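First up is the structure itself, then whatever we jot down about it.
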Amino acid sequence: MNNQVPGRRKFLSSIAGWIASFADEMRGIPQMELKNLNKVPDEIIREMIPVFVIDGTYKIEEEKLMKYDISSEEYSDFLIPTRHQMFIIRSFNGISTIADISTKYAEKYKLEKEDAFRKVRSLFIDLAGNKVCHPRDVHYQQDPLTNDFFV
């Protein structure tokens with residue numbers, strides 16, 4: 001019975017998220033799906049603070065990212081990251097921005113700052129698209145043509 005907790009949490013989280021998103025849309029606050037995060041300008045991505053989804057679907061174990069499989073009721077390998085990717089994943093701590101993580105990554109592995117940023121950004125967007133992590137906070141940018149804000 002305990003093995004069903006991640007499934008129930010995921011369901012309840014998705015319903016709660018959908019309701020909150022719908023309520024914001026009704027108040028005129030635009031929403032964006034995580035799979036479209038790659039369309040967000042880099043200056044906003046740099047400000048984002050990545051956090052992992054806390055519904056029990058994913059966990060880090062033995063330098064691997066594991067995903068809970070409802071049918072087998074067990075965790076299985078989702079991603080076996082490189083040493084560099086694991087450094088980035090472990091930096092998604094809910095405190096550091098993408099810019100901070102990129103700087104630390106560049107320093108640790110002696111990379112150009114922009115190259116490090118592209119790698120951190122890419123991994124963040126890939127994981128967010130798979131609903132492993134997401135930005136901790138909402139980010140808005142004003143559209144200069146319509147004066148509307150979008151996320």
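Taking first residues from the stretch 38-62 that are of a type in the set (Phe, Trp, Tyr) and partners that are assigned to a loop (DSSP other than H, G, I, E, B) and loosely packed, with under 15 Cβ neighbours inside 10 Å, the Cβ contacts under 9 Å between residues at least 6 apart in sequence or on separate chains come to Phe52/Gly94. Residue count for the stretch 64-82 under the criterion of being of a type in the set (Asp, Glu) and modelled with pLDDT under 90: the result is 2.
Taken over the stretch 105-127, the criterion of being surrounded by 16 or more Cβ atoms within 10 Å (Cβ to Cβ) and either in a loop (DSSP other than H, G, I, E, B) or not aromatic (Phe, Trp, Tyr) (or both) is satisfied by Ala106, Leu111, Ala116, Lys119, Val120, Arg121, Leu123, Ile125, Leu127. For the stretch 108-151: of the residues being among the acidic types (Asp, Glu) and at pLDDT below 90, which is nearest to the chain's Cα centre (by Cα)? Only one residue fits best here, namely Asp137.
Of the residues making up the stretch 48-63, those that are surrounded by 15 or more Cβ atoms within 10 Å (Cβ to Cβ) and either assigned to a loop (DSSP other than H, G, I, E, B) or not hydrophobic (A, V, I, L, M, F, W, C) (or both) are Met48, Ile49, Pro50, Val53, Asp55, Gly56, Thr57, Tyr58.
The values are calculated or read from the model by the stated rules, or taken from the named source; none is laboratory data. For clarity, every value in this text was computed on a predicted model and none was experimentally measured. Because the Cβ atoms are built from the backbone with ideal geometry, glycine has one as well, and the counts that use them run over all protein chains shown.
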